[in-house]
Amino acid sequence: MKGTMRIVLLMLLFCIQNLSAQADALKPEQVFGMYFNTFVKQDERALQQLNEYLVPFLGAENTYTIDMNKSFNDEVQNLTGSFLAHLPKETAAGCRAEAGEYFSALLNNLRNTGYVVKNTKEVKNEYADNSWVTELSVDLSFPVPTNVSALKLEEAKKMTAEDLKSYLKNKTKAFAKSEKKTTVQQVFKLYQVKKEGNTYYWNGGPQELVWKLNESYFKTLNH
């Protein structure tokens, strides 16, 4: 009887371990979602989930430490500073606050981008033998204002500080409202990593995701 109970306990232990291993083996669409929600939507919970997923195959030293609020504010300040640097000093000094509010509204729209994974396919990794990459075709949906384009630097340079303030305020209101959705398609890659019988997915760093998203978004605004 004791021998039978031991066998049953061993079988239960094996089943629990097997279920745990299966739980780690997420689909590429799920992994892409964690990357997207972390680096596009800047969601703290998604960052925690992504790091928990990465630890078993990349190690804790290769997880991400990000202050989401600081990251967003730094991006706003960088865009604001770059824009103001091209204006006459007096105009730039008089419009700093309005320019910051404009770029905050612009980037907040980008943060509210939606996505739908249309299909996935596996292709050989051209940089490593016996390795595969999962390519995801994704529809990105951007909130955009009706009949309002992005800020034109050449127009801004010709304005007085007061005119530019009014111009920026109107643009900010339009982007904050953003009644339309514009959809574009992009292809993103996830590299497959095999470990202990599981297939994990890794995007090699968020640069490709963020760069492609930014490029698509600003192209949409300029058309």
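The values are calculated or read from the model by the stated rules, or taken from the named source; none is laboratory data. Here the structure is a predicted model, which means the values were calculated and not measured. So basically every Cβ, Gly included, is an ideal-geometry build from the backbone, and we count neighbours across all protein chains shown. Only protein heavy atoms, including side chains, enter the accessible area calculation; ligands, DNA and RNA are left aside. Shrake-Rupley method; radii C 1.70, N 1.55, O 1.52, S 1.80 Å.
What is the one condition in (1) at pLDDT 95 or above; (2) surrounded by fewer than 18 Cβ atoms within 10 Å (Cβ to Cβ) that Ala93 does not satisfy?
(1)
I'm trying to understand the selection: among the residues of segment 89-142, which are in contact (Cβ under 8 Å) with a residue 60 or more places away in the chain, β-branched (Val, Ile, Thr) and under 18 Å from Pro28 (Cβ atoms)?
Selection gives Val117, Thr120, Thr134, Val138.
Restricting to segment 138-193, what's the tally of residues that are within 30 Å of Glu122 (Cβ to Cβ), β-branched (Val, Ile, Thr) and in contact with an Asp or Glu (Cβ under 8 Å, 6 or more places away or on another chain)?
Going through segment 138-193 one residue at a time, the tally reaches 3.
Of everything in segment 165-209 that's among the hydroxyl-bearing types (Ser, Thr, Tyr) and assigned to a helix (DSSP H, G or I), which residue is modelled with the lowest pLDDT?
Step by step, filter segment 165-209, then rank; the result is Tyr167.
Note down all Cβ pairs under 9 Å where the first residue falls in segment 70-87 and is farther than 13 Å from Leu107 by Cβ and open to solvent by 60 Å² or more (accessible area, probe 1.4 Å), the second is among the charged types (D, E, K, R) and part of a helix (DSSP H, G or I), and they're at least six residues apart or on different chains.
His86/Lys157
Would you please list the contacts, defined by Cβ atoms under 7 Å and residues six or more apart or on different chains, that run from a residue in segment 150-161 that is open to solvent by 50 Å² or more (accessible area, probe 1.4 Å) to a residue that is in a loop (DSSP other than H, G, I, E, B) and at pLDDT 85 or above?
Qualifying pairs under 7 Å: Leu153/His86; Lys157/His86; Lys157/Leu87.
Looking at Ala128 and the list (1) over 15 Å from the mean Cα position of the chain (by Cα); (2) within 24 Å of Thr80 (Cα to Cα); (3) of a type in the set (Gly, Ala, Ser), which single condition is not satisfied?
(2)
Say we look at segment 99-146 and pick out the residues that are part of a strand (DSSP E or B), open to solvent by less than 30 Å² (accessible area, probe 1.4 Å) and β-branched (Val, Ile, Thr); which of these is farthest from Lys169 (Cα to Cα)?
Filtering segment 99-146 for residues that are part of a strand (DSSP E or B), open to solvent by less than 30 Å² (accessible area, probe 1.4 Å) and β-branched (Val, Ile, Thr), the one farthest from Lys169 (Cα to Cα) comes out as Val133.
What do you reckon, is Lys212 open to solvent by 30 Å² or more (accessible area, probe 1.4 Å), among the charged types (D, E, K, R) and in a helix (DSSP H, G or I)?
Yes: the conditions hold for Lys212.
Please go through segment 184-209 and pick out each residue that is in contact (Cβ under 8 Å) with a residue 24 or more places away in the chain, surrounded by fewer than 13 Cβ atoms within 10 Å (Cβ to Cβ) and over 16 Å from the mean Cα position of the chain (by Cα).
Listed by number, the residues that qualify are Lys195, Glu196, Gly197.
Tell me which residues, restricted to segment 37-69, are surrounded by 18 or more Cβ atoms within 10 Å (Cβ to Cβ) and of a type in the set (Phe, Trp, Tyr).
Across segment 37-69, the qualifying residues are Phe39, Tyr53.
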